Amino acid sequence: MAPVTTMSAPDQELVERAREFAVRAHKRIDHRRKYNKQPYDVHLRAVAEHVASVTDDAEMVAAAWLHDTVEDTPATFRDIEDAFGKGVANLVAELTDVSKPGDGNRAVRKAIDRAHLARASVRAKTVKLADLIDNCSDICRHDRRFAKVYVVEVRALLDVLEEGDSGLLRRARREVKKCAKRLGFEADAVPLGSVEELSLPPPGFSQHRVMRLFSEAFTAKDIAEPLRSFDVAADAAEARVALEDAGLVRAGVRSDGTVIGFLLTEELDTGRCGHYAREFAPDQILPADASLSDVVHILTKHHSCYVSFLGGVDGIIIRADIQKPVARMWLFGMITMLELSVTERIRETWPDGSWHEGMSRGRLEKAEALMEERRRRGQSCDLLDCLQLGDKAQLLIRDDALLAEIGFYSRSAAKQVIKELESLRNNLAHGQDIVTHDWAQIARMTRRLESSIASLER
């Protein structure tokens, strides 16, 4: 195929806008490559250049720049569509994982995502091949442990990407073979694992049970709002007025009494509501008993999540609903369970109390002051109880074996997670807005926490 230099001026402008959008989105959350901490646009540029080397399709190159934007940043598919059109948005949707934390462990989720890619267009498969080439090379150089898992996953993906560009397919296969040789193993013989997931230190039986029950206690129905809907034959202009008066930006659209899609208030004009109906995305509807982690996962990709009660779509959840007390209780409770698990593991690892040797004098003095105050009030506690969550987590990651067990690829990555976790907890505790500025953080934390629970049940 022709090189990227044959693009028209409008096509080049589309690619440049996509580049700027992607760079800003990832930079806004300080998203960096996992192993070398480079700005994430280094990876995006590599993928875009691979794609541009085999096609002058501007939408494909734009999608290469944007392929991780919905998955990793607060941007949604609607944001991509508004900025770049349905063609680019559809490609990004094909390239975005559809599995949810509640679907199971890493192997199960990867199988779901692989099936999703198998149904993707040839154009999307070509972009995915470019993505795999760069990721495989980077992971193999920087993380031998995880590379043994990733190479196996890539080999499985290549089986469903054979319709993609033949040149990139050959390059991807060579990269996998080279990586396997460098690691000194046969990729076919390595089982799928979950080393990249954050897994909590294994709690005791009772705590494990509480963690699972707590996760299941808060579901989509607890924060869903009733979905207002209009018949396909209803007057669109009248529906718009009604929705604007109610302060609603979305509504359902019915045919024969059944909700079949949704409406955007801003799009309604003349004619019938059916003319403005949008189809639900395959991953946009959840059962009423779905976990809040699954809700957050969908809201990371879409502006709204729809809830099914008794077989019909009757409820809606938007990001603002995560501000509700129930959702805030769930988030705070999950973080609390994490801290209890960390505390338990420290006691098991240093039963003689020697953990304090890894703490600075200043941090110990703060813990000692808090312990004295709590004991003065008649509370039962010891010095470990009075450490901050960040202090406790820092103790665990000092130990190489524990660092690997928890699932971190580096101490710098672990420290970033700890920082984010503390920030989220503080905002929750002090009633601060956790959606406007912390959405990416919420998405990452809930995904990691649910993965931890799943890992405990293997």
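The values are calculated or read from the model by the stated rules, or taken from the named source; none is laboratory data. Fair warning: this is a prediction, and the values are worked out from it, not measured in the lab. Neighbour counts are summed over all protein chains in view; Cβ atoms, including those assigned to glycine, are modelled from backbone coordinates with ideal geometry.
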Might you let me know whether the range 82-92 holds any residue that is without any contact (Cβ under 8 Å) to a residue 12 or more places away in the chain and closer than 21 Å to TRP439 by Cβ? yes
From ALA401, ALA413, grab the single residue that is small (Gly, Ala, Ser), within 17 Å of the chain's Cα centre (by Cα), at pLDDT below 75 and in a helix (DSSP H, G or I). ALA413
Working only within the range 1-43, note down all residues that are modelled with pLDDT under 80 and among the charged types (D, E, K, R). ASP30, ARG32, ARG33, LYS34, LYS37
Has the range 370-378 got at least one residue that is in a helix (DSSP H, G or I), touching a residue at least 40 places away in the same chain (Cβ under 8 Å) and either under 32 Å from the mean Cα position of the chain (by Cα) or crowded, with 18+ Cβ neighbours inside 10 Å (or both)? no
Hey, does the range 91-103 have a residue that's out of contact with any Ser or Thr (no Cβ under 9 Å at 6 or more places or on another chain), farther than 27 Å from THR219 by Cα and surrounded by 19 or more Cβ atoms within 10 Å (Cβ to Cβ)? yes
Would you point out the residue of the range 142-164, among those that are in a loop (DSSP other than H, G, I, E, B) and modelled with pLDDT of 85 or more, that is surrounded by the most Cβ atoms within 10 Å (Cβ to Cβ)? GLY164
Please go through the range 237-258 and pick out each residue that is surrounded by fewer than 20 Cβ atoms within 10 Å (Cβ to Cβ) and either touching a residue at least 40 places away in the same chain (Cβ under 8 Å) or more than 16 Å from ARG319 (Cα to Cα) (or both). ALA237, GLU238, VAL241, ALA242, GLU244, ASP245, ALA246, ARG250, SER255, ASP256, GLY257, THR258
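Regarding the range 169-179, can at least one residue be identified that is part of a loop (DSSP other than H, G, I, E, B) and either modelled with pLDDT of 95 or more or surrounded by 19 or more Cβ atoms within 10 Å (Cβ to Cβ) (or both)?
No, the range 169-179 contains no residue that is part of a loop (DSSP other than H, G, I, E, B) and either modelled with pLDDT of 95 or more or surrounded by 19 or more Cβ atoms within 10 Å (Cβ to Cβ) (or both).
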Can you pull out the residues in the range 39-58 that are surrounded by 24 or more Cβ atoms within 10 Å (Cβ to Cβ) and more than 24 Å from the chain's Cα centre (by Cα)? HIS50, VAL51
